[in-house]
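Novice: Below you will find the structure I want to go over with you.
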Amino acid sequence: MSKTYSFRAAVFAALCFTSFGGAVLPAATPESPNIIVIMADDLGYGDVSCNGATALQTPNIDQLASEGIRFTDGYCSASTCTPTRYSFLTGDYAFRTAGTGIAAPNAPAIIKPGTETIASLLGQAGYATGVVGKWHLGLGDKGGPDWNGELKPGPLEIGFDSCFLLPTTNDRVPQVYVQDHRVLNLDPADPLWVGNKKPSKDYPTGISERDSLRMDWSHGHNGTIHNGISRIGFYTGGNSARFRDEDLADKWVEKSNEFIEQHQDERFFLFFSAHDIHVPRMPHERFQGKTTLGYRGDCIVEFDWCVGELMKTLDRLNLAENTLVILTSDNGPVLDDGYKDGAIEKIGDHRAAGVYTGGKYSVYEGGTRIPFVTRWKGHIEPGVSDALVCTIDLAASLAAIVGQDMPANVCQDSVDVSEALLGREDSQGRSWLVQQDNGNGGDFGFRKGKWKLQQHASGQARNVVVEEPLQNRKVPKFMLFDLEQDPAEQHNVIDEHPEIAAQMKADLAAIIAG
Ligand code: NG6
Ligand code: CA
């Protein structure tokens, strides 16, 4: 039956235990480019002007797309952050592993040390590897992060040589940077404590001091107040280590530039993991008010600026022609994700998910169909592609591009779609796609050609109210849509096509069973 079996079997059949010492090779060559994966947070398909947005402009992303390939059918594997990032790094579906849902502030490392990842594979191929920005995949062993000690395991134990991180996501505590194994600028005399309960009865929170907040919360997000914004969870201490929300984007660019400069004479892999445009949306002052869409739009412009800065660095160092740049997002858009930042009120005609329905938390197309661009100047013919590609495929594809053999039993759900990513011939990418919501939640989308099956364990369209067209309403357990006729998934045709639905249900069940 489905490609699952043939693909997983092919992986086993193609065993190749070539071992590499991890020595750093000389500078990138046309055959083996530097690689930068830029992952936005919660950026929707329709949030960029190259995908049709008119309420704002994203000139740097548009330029990247015009110099490379803009994918119309590019996806992330889940409609929330942690499972998409887990799958991007490991090449395995998050739903196969318990505990891969949205990570809490004190979550331990979700990816176990020694797991082969996109970073370890590229490291074995001789690349210097680094991650800058949002992590949200947990830190520390079973007991969770030791905020005042060594923060390990983390990225460095799964193949990254260096990291400069926002440890969780910025609506969760704590607001500190983590550099390699330590909280940066932490004063031992003022230790950092992080917990999920108020440390004392009179401790000020987003509930007790609600009037003092400069951005009110709408659901959750009413714990510790930092920088006038209340968060999920509680923390005390670590005052010298705390950052301002407004400075995050600048810091990611600064640290990424340092990484690129430091490794310009080697081959490097940089995972640029933006926090924009996740809540709390608090762009730098110079971007505030730049769009009519409120801070959500301003953060998109800030993210676009980051993309431009990274491209300027590549130009300045003469690296644009030997660097493959891939731009994606970790899940689809959401308007109100817990703060009253005007995203709903100011949305106007802007359609954050483009023509698609749903967004973050949803297995409708809007949840996982995202901006997806590849650029490798001089090596990729610019154009638009409808090949089916997904962030989960980057592990196998990048390994293939750099000529790194994959050991058996790793990255088993990652399909080598390198031909499609590089725009070679008529490559159509993968032949089917699974979309999941959160962790092991049980809501799935399954796309094969023009057909899309939705499976809802919960019987609910999505678990958070974020946008009018998809208010949390009841839906049947299974629905079938014809994406060619009905890209917005408005007409369930399951009764008209029982055989197709039955086959797709069986295929999806087999894939999930692994
Ligand atoms: C949800 C949060 C949401 C966001 C999300 C994670 C509430 C009510 N909602 O639980 O605000 O933080 O988790 O987003 O707390 S993600 O992009 O990192 O997956
Ligand atoms: Ca996200």
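The values are calculated or read from the model by the stated rules, or taken from the named source; none is laboratory data. Because the structure is a prediction, the values reported are computed rather than measured. Cβ: placed from backbone, ideal geometry, glycine included. Neighbour counts: every protein chain shown.
Novice: Of the numbered conditions (1) of a type outside the set (Ser, Thr, Tyr); (2) within 13 Å of ligand 1 (Cβ to nearest atom); (3) at pLDDT below 95, residue 98 fails exactly one; give the number of that condition.
Specialist: Result: residue 98 fails condition (2) only.
Novice: Here is a further query. Return the only residue of 216, 265, 276, 247 being under 26 Å from residue 146 (Cβ atoms) and at pLDDT 95 or above. Explain how you work it out, then say what you get.
Specialist: Values: 216 fails: under 26 Å from residue 146 (Cβ atoms); 265 fails: under 26 Å from residue 146 (Cβ atoms); 276 fails: under 26 Å from residue 146 (Cβ atoms).
From the options 216, 265, 276, 247, the qualifying one is 247.
Novice: Restricting attention to the range 358-403, report how many residues are surrounded by 22 or more Cβ atoms within 10 Å (Cβ to Cβ) and part of a loop (DSSP other than H, G, I, E, B).
Specialist: The number of residues fulfilling the criteria is 11.
Novice: Which one of these is of a type in the set (Gly, Ala, Ser) and within 16 Å of ligand 2 (Cβ to nearest atom): 104, 119?
Specialist: One residue alone meets the criteria, 104.
Novice: Among (1) touching a residue at least 40 places away in the same chain (Cβ under 8 Å); (2) more than 22 Å from residue 141 (Cβ to Cβ); (3) within 16 Å of ligand 1 (Cβ to nearest atom), which single condition is residue 243 missing?
Specialist: For residue 243, the failing item is (3).
Novice: In the range 70-104, how many are of a type in the set (A, V, I, L, M, F, W, C) and surrounded by fewer than 24 Cβ atoms within 10 Å (Cβ to Cβ)?
Specialist: Count: 3.
Novice: Under 8 Å between Cβ atoms, at least 6 apart or on separate chains: pull out the pairs that start in the range 209-231 with a residue that is outside the structural domain of residue 174 (by the TED database) and end on any residue that is not in a helix (DSSP H, G or I).
Specialist: Sorted first by the residue in the range 209-231, then by its partner, the list stays empty.
Novice: Would you confirm, using the coordinates I've provided, whether residue 107 is in the same structural domain as residue 329 (by the TED database) and crowded, with 24+ Cβ neighbours inside 10 Å?
Specialist: No, not satisfied.
Novice: I've got another one for you. Go through (1) of a type outside the set (Ser, Thr, Tyr); (2) surrounded by fewer than 24 Cβ atoms within 10 Å (Cβ to Cβ); (3) at pLDDT below 95 one by one and return the number of the condition residue 52 breaks.
Specialist: (3)
Novice: If the Cβ limit is 8 Å and pairs must be 6+ apart or interchain, which residue in the range 126-151 that is closer than 10 Å to residue 110 by Cα pairs with which residue that is away from ligand 1 (no atom under 16 Å from the Cβ) and acidic (Asp, Glu)?
Specialist: Pairs that qualify, where the first residue is closer than 10 Å to residue 110 by Cα and the partner is away from ligand 1 (no atom under 16 Å from the Cβ) and acidic (Asp, Glu), are 140/146.
Novice: Still on this structure, please answer the following. Would you confirm whether or not the range 62-84 contains a residue that is in a loop (DSSP other than H, G, I, E, B), more than 16 Å from ligand 2 (Cβ to nearest atom), at pLDDT below 95 and under 25 Å from residue 430 (Cβ atoms)?
Specialist: Within the range 62-84, not a single residue is in a loop (DSSP other than H, G, I, E, B), more than 16 Å from ligand 2 (Cβ to nearest atom), at pLDDT below 95 and under 25 Å from residue 430 (Cβ atoms).
Novice: Let me ask something additional. What about residue 399, is it more than 16 Å from ligand 1 (Cβ to nearest atom), over 18 Å from residue 39 (Cα atoms) and small (Gly, Ala, Ser)?
Specialist: yes
Novice: Continuing with this model, one more query. Would it be correct to say that residue 155 is under 30 Å from residue 399 (Cα atoms) and buried (at least 23 other Cβ atoms within 10 Å of the Cβ)?
Specialist: So residue 155 passes the test.
Novice: Can you tell me how many residues in the range 307-341 are within 16 Å of ligand 1 (Cβ to nearest atom) and more than 16 Å from the chain's Cα centre (by Cα)? Explain how you work it out, then say what you get.
Specialist: To start, the set of residues in the range 307-341 that are within 16 Å of ligand 1 (Cβ to nearest atom) comprises 328-341.
Okay, now just the ones that are also more than 16 Å from the chain's Cα centre (by Cα), so 335-341.
Total satisfying the criteria: 7.
Novice: Scanning the range 133-171 for residues that are within 16 Å of ligand 2 (Cβ to nearest atom), in a loop (DSSP other than H, G, I, E, B) and on the phi < 0 side of the Ramachandran plot, which turns out farthest from the chain's Cα centre (by Cα)?
Specialist: First pass over the range 133-171, keeping only residues within 16 Å of ligand 2 (Cβ to nearest atom): 133-138, 165-171.
Imposing the further condition that a residue be in a loop (DSSP other than H, G, I, E, B) reduces the set to 135-138, 167-171.
Now narrow it down to the ones that are on the phi < 0 side of the Ramachandran plot: 135, 137, 167-171.
On the way: 135: 10, 137: 11, 167: 14, 168: 13, 169: 12, 170: 14, 171: 16 Å.
Looking at the filtered set, the residue picked out is 171.
Novice: Which of the residues that make up the range 277-300 are surrounded by 24 or more Cβ atoms within 10 Å (Cβ to Cβ) and β-branched (Val, Ile, Thr)?
Specialist: Across the range 277-300, the qualifying residues are 277, 279, 300.
Novice: Go over the candidates 335, 314, 327 one by one and state the one that is within 16 Å of residue 43 (Cβ to Cβ) and not in a strand (DSSP E or B).
Specialist: Values: 314 fails: within 16 Å of residue 43 (Cβ to Cβ); 327 fails: not in a strand (DSSP E or B).
From the options 335, 314, 327, the qualifying one is 335.
Novice: Please tell me if residue 304 is part of a helix (DSSP H, G or I), away from ligand 1 (no atom under 16 Å from the Cβ) and free of Cβ contacts under 8 Å to residues at least 40 places away in the same chain. Before you say what the answer is, go through the steps one by one.
Specialist: Details: part of a helix (DSSP H, G or I): yes; away from ligand 1 (no atom under 16 Å from the Cβ): yes; free of Cβ contacts under 8 Å to residues at least 40 places away in the same chain: no.
Taking the combined requirement at face value, the residue does not satisfy it.
Novice: In the range 253-270, is there at least one residue being away from ligand 1 (no atom under 16 Å from the Cβ), among the charged types (D, E, K, R) and surrounded by 17 or more Cβ atoms within 10 Å (Cβ to Cβ)?
Specialist: yes
Novice: Out of curiosity, is residue 187 within 16 Å of ligand 1 (Cβ to nearest atom), in the same structural domain as residue 122 (by the TED database) and either aliphatic (A, V, I, L, M) or touching a residue at least 40 places away in the same chain (Cβ under 8 Å) (or both)?
Specialist: Taking the combined requirement at face value, the residue does not satisfy it.
Novice: Could you check, for the range 189-209, whether at least one of its residues is closer than 27 Å to residue 86 by Cβ, in contact with a helix residue (DSSP H, G or I) (Cβ under 8 Å, 6 or more places away or on another chain) and not in a loop (DSSP other than H, G, I, E, B)?
Specialist: Taking every residue of the range 189-209 in turn, none turns out to be closer than 27 Å to residue 86 by Cβ, in contact with a helix residue (DSSP H, G or I) (Cβ under 8 Å, 6 or more places away or on another chain) and not in a loop (DSSP other than H, G, I, E, B).
Novice: Are there any pairs, at least 6 apart or on different chains, whose C-beta atoms fall under 8 Å, with the first in the range 162-176 and in contact (Cβ under 8 Å) with a residue 60 or more places away in the chain and the second within 11 Å of ligand 1 (Cβ to nearest atom) and acidic (Asp, Glu), and if so, which?
Specialist: So the pair list comes out as 169/41; 171/337.
Novice: Taking the range 41-57 as the region of interest, how many residues are more than 16 Å from ligand 2 (Cβ to nearest atom) and over 17 Å from residue 384 (Cα atoms)?
Specialist: Residues in the range 41-57 being more than 16 Å from ligand 2 (Cβ to nearest atom) and over 17 Å from residue 384 (Cα atoms): 4 in total.
Novice: Further question: Cβ-Cβ distance below 8 Å, separation of 6 or more or different chains: which pairs start in the range 331-346 with a residue that is in contact (Cβ under 8 Å) with a residue 40 or more places away in the chain and outside the structural domain of residue 81 (by the TED database) and end on one that is among the hydroxyl-bearing types (Ser, Thr, Tyr) and within 12 Å of ligand 1 (Cβ to nearest atom)?
Specialist: Filtered contacts from the range 331-346: no entries.
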